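Colleague: So that we are looking at the same thing, I have put the structure below in structure tokens.
The values are calculated or read from the model by the stated rules, or taken from the named source; none is laboratory data. Because the structure is a prediction, the values reported are computed rather than measured. Neighbour counts run over all protein chains shown; Cβ positions are idealised from the backbone, glycine included. Side chains are part of the model used for accessible areas, which takes the heavy atoms of the whole protein and leaves out ligands, DNA and RNA. Shrake-Rupley method; radii C 1.70, N 1.55, O 1.52, S 1.80 Å.
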Amino acid sequence: MPVTASSSAARIGRYRPFLFYPLIAAAYVATGRLGLLLAAPPGYATAFFLPAGIAIAAMWIRGRASLPWVFLGSLLLNLWIGFGSTGGSRAAAVAGAVAIAAASTVQTAIAGTAMRWAIGYPAPLDSVGQLVRFLVLAPVCCLISGTLSLLALWPLGLVTARDLAGNWLTWWIGDTRGVLVAVPLMFVLAGEPRALWRSRAWTVALPMLVCFALFTLIFVRLDAWETDEQLSEFRLLSQQASDKIQARFEEQEVLVEQFERELSRDAPVTRAAFHDLVQRSLERFPMIQAIEWAPRVPAAQRESFEAAQRAELPGFRVHAMSPAGGRQSAAERPERSELYPVTFAEPLTSNSPALGLDLLSDTDREAAIARAISSRRVSATAPVRLVQEPGTQLGLLLVASVRAAGNGAGVIVEVLRLGAFVEAVLSPGGGPLSLRLVDVAQHRALYDDFPLGAGAPLFHQEFEFGQRRYELLTSPTLSYLARHSRWESLALLSAGVYSTALLGGLLLLGTGYAHRVASQVAERTRTLAEVNARLERVIAEREQAEAALRHAHRLEAVGQLTGGIAHDFNNLLTVVSANAELLRAAAKSEPMRRRAAAILRAASRGARLTRQLLAFSRRQALRPEPVDLRQRTAELAEMLSRTLQENIEIELDLPDALWPVSVDLAEFELAILNIAVNARDAMPNGGQFKVTGENLSLGPAQPGVDRLSGDFVALHLSDTGSGMNPDVAARAFEPYFTTKEVGAGSGLGLSQVYGFAKQSGGDAAIASEPARGTTVTLYLPRATTQAVPEEIPEPRTAAG
């Protein structure tokens with residue numbers, strides 16, 4: 001089956017409510033994410049938040065059914081923001097998202113209800129009063145979401161106490177701006193009255209969007225310039241921090257190389273001499289956890305090596321690092337051909353747990369030793385947990401290979417505490433930079449002081465040290481941003497938003513006024529059209545009444561003339577009939593009697609014609625009596641069957657509740673026969689003749705009848721014959737008017753019907769169309785007494 005445009009539109013219209021709500025949630029997330037690009041950490045409050053206006057407009061338009069979708073959109077948006085921030089627990093982010101979604105939903109419900117109560121819906125927003133109420137309610141209702149949300153975010157640790165006031169003000173301003181801009185646009189898309197808001201798509205929505213787009217483009221350019229100016233010092237400080245860290249790393253590398261050269265001399269270095277060698281460096285660089293010497297010891301000589309060391313350090317034992325980070329005996333791990341146990345460690349007191357540790361028992365340390373030996377260069381390990389420091393601070397080992405000399409072959413190791421190392425380079429706490437140092441190979445942060453909710457790093461630089469690559473990432477701290485804040489772009493955005501809202505308000509007033517004027521013109525035009533139509537009907541009815549009156553006057557004049565002639569002619573016929581009767585009685589021969597009979601028959605026909613003329617002129621003497629037409633149904637059917645042809649079907653449908661009528665029965669039957677004869681002549685090839693009746697209570701102005709008032713029975717006699725055009729139908733009741741051939745009819749049949757109905761106190765009407773048949777309606781007065789059944793006289797012969 002082909003799908004028409006109308007059926008497609010109907011289906012879209014049927015599913016439009018189901019599309020509206022998901023689109024609200026999607027628009028909330030999309031526009032909210034764009035708006036929150038302007039947000040300061042932790043990223044929940046922004047200076048321009050369109051979703052607030054989208055949600056309130058949805059509630060205003062659709063009612064409470066939109067609230068679950070507002071909650072869903074807000075929840076998804078804030079989960080996105082919460083999970084996108086660095087640091088912090090996921091549980092706190094989820095709790096914060098739920099709290100903000102609930103607060104946004106409460107604000108939407110209250111604001112939408114308030115707007116419906118104060119302004120109403122449908123809301124044309126076309127008057128100063130409506131716009132003022134909207135502009136007052138919008139900022140008042142927008143206090144709700146920020147207040148409730150921040151009261152929930154503060155205990156969760158997502159907002160600090162010092163940031164509450166600034167975030168609350170930003171939140172309120174952002175929601176208010178979003179409502180002022182988004183509500184008119186949403187009403188253009190889905191508001192009522194639909195015709196008005198649809199017409200505002202080009203006159204309100206488009207200018208607002210163009211205005212806002214222009215301000216947004218200018219804001220983007222100005223914000224980029226401001227950001228560049230704001231971050232110029234930050235980039236310089238970040239580069240300086242990177243250079244310092246690289247220089248300090250290189251300084252430590254040089255220091256390890258110096259120790260390697262000292263231990264490579266021919267004279268052996270004792271434990272006391274090693275202490276004196278490294279003591280000054282330890283005092284100069286407090287970030288150094290330890291400087292260690294680990295000789296290469298064949299596995300077969302482990303026990304003798306341990307015994308020799310116990311002479312100076314009782315309890316010395318070579319041990320390995322377990323996979324869990326604890327100690328285990330060197331004999332418990334897989335057999336190795338050689339060991340690198342830590343023999344000297346300074347300062348000794350804080351590094352005693354490291355004495356005897358086989359550096360090869362850890363894969364990271366083993367890899368660094370292998371690189372140092374093969375490259376003859378200082379090698380750094382991956383970030384490691386220090387044996388000496390069980391805390392969370394990571395360490396880094398710098399390893400240099402020592403050639404076999406006075407102390408034999410081995411490695412000199414410098415252990416750096418990375419947190420202390422980086423903090424020694426930078427200003428600790430409250431400085432301008434948040435810093436993260438990452439081991440590129442392992443994608444692991446050696447040091448990270450980015451705060452909760454911090455944005456993406458704005459500076460990064462890679463460098464190489466100890467045969468490994470590192471990446472330094474930095475971001476400006478809040479204190480830096482506060483000292484270098486610029487307000488030109490936000491001021492421009494604020495001016496743009498308020499200008500857009502003001503433009504929208506002016507356009508709403510202008511289009512509203514134009515719409516009211518157009519509505520008034522249309523209403524008055526419609527009123528004038530209705531008045532004109534009524535006037536045309538009155539004129540038409542008056543013309544019809546005048547035509548009917550002229551027709552009645554013409555028939556009345558014809559009737560008076562006809563009645564006078566018929567009366568005089570009837571007197572002459574009486575003389576002729578009396579003398580013809582005397583002649584027939586006195587006739588001596590048969591020819592004379594036949595001639596007298598012929599005169600009598602002609603006089604009789606003339607008398608019959610005069611009766612019909614007298615009936616038309618309403619001078620016929622009538623004897624009205626109550627007649628129940630239902631009781632006469634069989635007699636009527638028989639009378640009509642004798643008159644009509646066999647190929648004409650007769651149908652009588654008289655309801656049981658039909659009132660009795662007051663008529664002269666003989667004249668009534670003659671009228672029925674005259675109508676039937678005309679119907680027969682109009683249906684030479686057969687057809688249907690139907691008689692129906694109905695009760696009517698007529699008023700003085702009842703259409704189709706001549707000033708009748710009271711109770712009447714309307715008897716409808718219809719045929720399916722050739723019918724008449726309007727001109728012929730208008731003259732059908734006139735005497736001697738006929739469309740039949742000469743000799744086929746006198747034209748007095750329907751005039752008798754008309755005269756009978758009028759003289760009976762009723763009326764007759766005719767309705768006909770060519771090829772559609774004819775209906776003659778007799779309006780007969782209702783009898784005041786019940787009809788008494790009596791013998792029906794033989795019907796008279798009808799004239800054509």
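Colleague: Could you list, in sequence order, the residues of the stretch 638-668 that are open to solvent by 50 Å² or more (accessible area, probe 1.4 Å) and not in a loop (DSSP other than H, G, I, E, B)?
Modeller: Selection gives GLU638, SER641, ARG642, GLU649, ILE650, GLU651, ASP653.
Colleague: Between ASP228, ASP276, ASP266, which is open to solvent by 40 Å² or more (accessible area, probe 1.4 Å), under 22 Å from LEU473 (Cα atoms) and of a type outside the set (Gly, Ala, Ser)?
Modeller: Just one listed residue meets the conditions, ASP228.
Colleague: Which residue, of GLU625, GLU649, GLU635, is under 17 Å from HIS716 (Cβ atoms), at pLDDT 70 or above and of a type in the set (Asp, Glu)? I'd like the intermediate steps shown before the answer.
Modeller: Details: GLU625 fails: under 17 Å from HIS716 (Cβ atoms); GLU635 fails: under 17 Å from HIS716 (Cβ atoms).
None of the others qualify; the one that does is GLU649.
Colleague: What's the total number of residues in the stretch 653-689 that are more than 60 Å from the chain's Cα centre (by Cα) and under 14 Å from ALA714 (Cα atoms)?
Modeller: Residues flagged as more than 60 Å from the chain's Cα centre (by Cα) and under 14 Å from ALA714 (Cα atoms) within the stretch 653-689 amount to 7.
Colleague: Of all residues in the stretch 453-490, which are at pLDDT below 70 and part of a helix (DSSP H, G or I)?
Modeller: Of everything in the stretch 453-490, those that are at pLDDT below 70 and part of a helix (DSSP H, G or I) turn out to be ALA482, GLU488, SER489, LEU490.
Colleague: Pairs needed: first member in the stretch 173-189, farther than 19 Å from PHE20 by Cα and touching a residue at least 24 places away in the same chain (Cβ under 8 Å); second member anywhere, in a helix (DSSP H, G or I) and open to solvent by 10 Å² or more (accessible area, probe 1.4 Å); C-beta distance under 6 Å; at least 6 residues apart or different chains.
Modeller: Pairs that qualify, where the first residue is farther than 19 Å from PHE20 by Cα and touching a residue at least 24 places away in the same chain (Cβ under 8 Å) and the partner is in a helix (DSSP H, G or I) and open to solvent by 10 Å² or more (accessible area, probe 1.4 Å), are THR176/PRO139; GLY178/LEU50; LEU180/ALA501; VAL181/ALA501.
Colleague: How about the stretch 347-358: which of its residues are of a type outside the set (A, V, I, L, M, F, W, C) and open to solvent by less than 20 Å² (accessible area, probe 1.4 Å)?
Modeller: Going through the stretch 347-358, the residues of a type outside the set (A, V, I, L, M, F, W, C) turn out to be 347, 349-353, 356, 358.
Selection gives ASN351, GLY356, ASP358.
Colleague: I've got another one for you. Please go through the stretch 348-396 and pick out each residue that is at pLDDT 85 or above, part of a helix (DSSP H, G or I) and farther than 18 Å from ALA441 by Cα.
Modeller: Matches in the stretch 348-396: LEU359, LEU360, ILE373, SER374, SER375.
Colleague: How many residues are surrounded by fewer than 24 Cβ atoms within 10 Å (Cβ to Cβ) and modelled with pLDDT of 90 or more when one looks only at the stretch 70-83?
Modeller: Of the residues in the stretch 70-83, 4 are surrounded by fewer than 24 Cβ atoms within 10 Å (Cβ to Cβ) and modelled with pLDDT of 90 or more.
Colleague: Here is a further query. Is there any pair linking a residue in the stretch 92-104 that is without any contact (Cβ under 8 Å) to a residue 24 or more places away in the chain to one that is among the polar types (S, T, N, Q) and surrounded by fewer than 20 Cβ atoms within 10 Å (Cβ to Cβ), with Cβ under 9 Å and at least six apart or on different chains, and which?
Modeller: Within 9 Å, no pair qualifies.
Colleague: Spot the failing condition for ARG221; the list is (1) open to solvent by 20 Å² or more (accessible area, probe 1.4 Å); (2) touching a helix residue (DSSP H, G or I) at 6+ places or on another chain (Cβ under 6 Å), and only one is missed.
Modeller: Unmet for ARG221, out of (1) open to solvent by 20 Å² or more (accessible area, probe 1.4 Å); (2) touching a helix residue (DSSP H, G or I) at 6+ places or on another chain (Cβ under 6 Å): (2).
Colleague: Return yes when ALA55 is buried (at least 22 other Cβ atoms within 10 Å of the Cβ), modelled with pLDDT of 75 or more and either part of a helix (DSSP H, G or I) or of a type outside the set (Ser, Thr, Tyr) (or both) and no when it is not.
Modeller: Numbers: buried (at least 22 other Cβ atoms within 10 Å of the Cβ): yes; modelled with pLDDT of 75 or more: yes; either part of a helix (DSSP H, G or I) or of a type outside the set (Ser, Thr, Tyr) (or both): yes.
For ALA55, the condition - buried (at least 22 other Cβ atoms within 10 Å of the Cβ), modelled with pLDDT of 75 or more and either part of a helix (DSSP H, G or I) or of a type outside the set (Ser, Thr, Tyr) (or both) - is met.
Colleague: Ok, one more. Of the residues that sit in the stretch 276-300 and are among the polar types (S, T, N, Q) and under 14 Å from GLN258 (Cα atoms), which one is nearest to the chain's Cα centre (by Cα)?
Modeller: Looking at the filtered set, the residue picked out is SER281.
Colleague: Every residue in the stretch 100-140 that is modelled with pLDDT under 90 and polar (S, T, N, Q), please.
Modeller: Residues satisfying the conditions are SER127, GLN130.
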